[in-house]
Amino acid sequence: MCLGIPGKIQSIRDDAGLAMGIVDFGGVRRDVCLQYVADEVAVGDYVIVHVGFAITKVDEDEARRTFEVLKEMSQLDELQWMAEVADASLKGTEKPA
Amino acid sequence: MKYLAEYRDTDIARTLIARIKARVTRRWTLMEVCGGQTHTIVRQGLDELLEGAVEMIHGPGCPVCVTPLEQIDKALAIAARPNVIFTSFGDMLRVPGSECDLQQVRARGGDVKVVYSPLDALALAQRHPEKEVVFFAVGFETTAPANAMSVWRARELGVSNFSVLVSHVTVPPAITAILEAPDNRVQGFLAAGHVCAVMGYTEYEPIAAKYKVPIIVTGFEPVDILEGMAMAVNQLEEGRHEVENQYVRSVRRTGTEPARALVAQVFELANRQWRGIGEIPMSGLRLRDEFAAYDAERKFGVGGLKVTEPEACKAGAVLTGRIKPPQCPAFGTLCTPERPLGAPMVSTEGACSAYYNLAKYRTSESAEAAS
Ligand code: SF4
C-alpha cells in the first residue's frame, strides 16, 4: 500500500467541503482526494497519490530540469568513454602488443 | 508522462553506475529505508551492478512487514465479530497472525473487505448504519494523512459506526534505532521520498549531524535511486554528513503542510512495537484522546492483548539489515509467498518476498555465500 504513483489531474470538484478529483494514471482513472494539495494544483498538474490521497504535487519543470542535466552528463560520459577507447586503440596500433 | 517515466533511462543509469564505481576508494554500506526502493533495487539488480562499490542493506520501510503481531491479532479478533465489517488495504489480508490471517477469518464467515482508500471505508459505514465498520489504519507517514482524514471526516459528518485500528509507525525513530544498535554497519541512508513528500526532511537534519551519516531523500525510479547512491557516496568520500534532496521534483524541505497539520491534529506520538524488532520509543502514532470514540481498540476492548512472536522468523534481523533474507533458515522452505511465516514474505514491498520473487536465481548464490 505504500507505493505512491504519479498521475495527472483530469478534473477537480468539491465534495461536501472536501476537494476531490479524477486522476489519470497512464489510462486508469480514479477518484482521488485532493484536499492536501488543493491550494497549489490545477487540472493538468501531476500529483503523487497514496491510498487515494494526493500527498504532493510533482513539479514538472523540476522533473525536466533534473532529467536533462542527468541526460547531458550521460552523453558527456559516453563521449569521453568513446574518446578513451579510440585513444587506446590508436596507441595499440602504434605499439604492437 | 514525459519526464516522469523517463527516470528509467538506461544510459543515465549506466553512467551513474560507472561514476559511483569510479568515485569510491572503498566499499560503502548504505540502507534504503523504503520497501518500494527495495523492490526496485532487487528487481533491477542495482546492488549486483554496484558490487564491490556499494552494499545495500534493505531497511524496515515496509508497513506490512513491521505491523506487530499483536495488532494483527487484534484485527483478527475484531474482524471475527458478527456485527462488524472489517476493512483493510489488500496487502494486510495475508499477514499471518498467531492463529490465522484475515483471509481465513473471511473464509470462516467474517465480513472482511479490501478498500483502496480509507474514505471508501467511511463511505461503507455511511451505507451500513446498522453495522460497525472498522478500518485497519496501518502504514508510515505516507498513509497517515489519508487515515487521519477518514477520522476527521467521520467526526465532521457525524458517522459514529466508524472506527480505526491504528498501527502507525514513523521513519526517523527507526533510523535512530538502527544507528544506535551496537552492531550497526549502515554508513548512509536513502530516505524514503514519499515519506518526506508529506513530512519534509527537517527531522533528519539532527540525525545526520549527531550520527555523522549522509541522508539522501530519494525517489523510486532506478535513476533516482542510483543518483541518491551517488550523492551519498560523494558525501562519504568527502567526509560530509548532510541531508540532501535528490527527489526535488516531489519533495520540499517542509513537506506538504496541510497534510502534516491534519496528521498532528488527529494523531499523537506514542511508543510502538515493530514486528521482529521490538518496541521503539515514540516511533508510532495513536489517536488523540478527543478522537477516542473512533478508536477500535477502545470500542472493542482489545487494547490489552499481548503476544509473543514465533522463533523461526528472522524478520527482525532482516529488517535491521543484520542478515539478508536468504540467510534466514526458513527462507524458501518453511516460508514462501504462498505460505508466509513472517510478514516480509507477504507484501511485494517486503525484502523476503522481493528476494524470493524477483531474484530466485540469486537464492543459491547467497545461500552459498552465507554458509
Ligand atoms: S524468510 Fe520468512 S521466516 Fe525468514 S525472515 Fe523472511 S518472512 Fe521471516
### Query
Where in region B:258-331 are there trypsin sites (Lys or Arg not before Pro) that are in a DSSP coil and have at most 12 other Cβ atoms within 10 angstrom of their Cβ?
B:Lys306
### Query
Among the residues of region B:169-208, which ones have their accessible area go down by 50 Å² or more when all the protein chains sit together, as opposed to their chain alone (1.4 Å probe)?
B:His194
## Note on the structure
So, with points 7 Å from each Cα along the Cβ direction, the A:Asp61-B:Arg127 label distance in nm works out to 4.3 nm
### Task
Name the long-range amide H neighbours of B:Ile57: under 5 Å, sequence gap of 5 or more, or other chain; modelled H, no Pro or chain starts.
B:Leu30, B:Met31, B:Glu32
### Amide H contacts under 5 Å for B:Ala137, placed H, 5+ residues apart
B:Leu165, B:Val166, B:Ser167
### Query
Is there a pair in B:Lys21/B:Lys212; B:Lys74/B:Lys113; A:Lys8/A:Lys57 whose C-alpha atoms are over 20 Å apart, and which pairs would that be?
B:Lys21/B:Lys212
#### Entry: Dipole magnitude of the protein assembly as shown about its Cα centre (Cβ charges: Lys, Arg +1; Asp, Glu -1), debye to nearest 20
880 debye
#### Entry: Those aspartates and glutamates that a straight Cα-Cα span of less than 18 Å connects to B:Lys210, excepting residues fewer than 8 apart in one chain
B:Glu180, B:Asp183, B:Glu238, B:Glu242, B:Glu244
### Å² per residue, accessible surface of chain B at 1.4 Å
38 Å²
### Query
In what sequence, largest accessible area first, do A:Asp61, B:Asp111 appear using a 1.4 Å probe?
A:Asp61, B:Asp111
### Task
Keeping the other protein chains in place, figure out the carbon and sulfur percent of the accessible area of the protein assembly as shown, with a 1.4 Å probe.
52 percent
### Query
Heavy-atom accessible surface, probe 1.4 Å, ligands and DNA/RNA ignored: which residues of region B:146-160 lose at least 10 Å² versus the isolated chain?
B:Ala146, B:Met149, B:Arg153
### Task
Report, in debye and to the nearest 20, how large the dipole of region B:162-221 comes out about its Cα centre when Lys and Arg carry +1 and Asp and Glu carry -1 on their Cβ.
100 debye
### Task
Give me the percent of DSSP beta bridges within region B:1-309 that run antiparallel, rounded to the nearest 5.
20 percent
### Task
Determine, from the Cβ-Cβ distance of B:Arg27 and B:Ala293 and an R0 of 51 Å, the FRET efficiency 1/(1 + (r/R0)^6), rounded to the nearest 0.05.
0.40
### Message
Modelling each spin label as a point 7 Å along the Cα-to-Cβ direction, I'd like the B:Leu334/A:Arg29 distance in nm, to one decimal.
### Response
5.1 nm
### Query
What ranking of B:Lys21, B:Lys113 comes out by heavy-atom accessible area, probe 1.4 Å, highest first?
B:Lys21, B:Lys113
### Query
Suppose R0 equals 51 Å; then what is the FRET efficiency for B:Arg81 and A:Gln80 from their Cβ-Cβ distance, rounded to the nearest 0.05?
0.15
### Query
Which residues, if any, in region A:24-53 have at least 30 Å² less accessible area in the whole protein complex than in the isolated chain, probe 1.4 Å?
A:Arg30, A:Tyr36, A:Glu40, A:Tyr46, A:Ile48, A:His50, A:Val51, A:Phe53
### Summary
Counting only protein heavy atoms and leaving out ligands, DNA and RNA, the solvent-accessible surface of B:Leu262 at a 1.4 Å probe, in Å² to the nearest 10, equals 20 Å²
### Message
For the full complex of protein chains and a 1.4 angstrom probe, list B:Asp9, A:Asp59 by accessible area with the highest value first.
### Response
A:Asp59, B:Asp9
### Task
May I ask for the accessible area buried between chains A and B, both sides summed, probe 1.4 Å, to the nearest 100 Å²?
3900 Å²
### Task
Could you size up the charge dipole of chain B around its Cα centre, putting +1 on the beta carbon of Lys and Arg and -1 on that of Asp and Glu, and report it in debye to the nearest 20?
240 debye
### Calculated from backbone phi, Karplus (6.51, -1.76, 1.60) coupling profile of region A:40-49 in Hz, x at Gly/Pro
10, 10, 9, 4, x, 6, 9, 9, 9, 10
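The values are calculated or read from the model by the stated rules, or taken from the named source; none is laboratory data. On a predicted model such as this, the values are computed, not experimentally measured, just so you know. Ideal geometry is used to build each Cβ from the backbone, glycine not excepted, and the neighbour counts take in all protein chains shown. Just the protein is used for accessible areas: all its heavy atoms, side chains included, with ligands, DNA and RNA removed. Shrake-Rupley method; radii C 1.70, N 1.55, O 1.52, S 1.80 Å.
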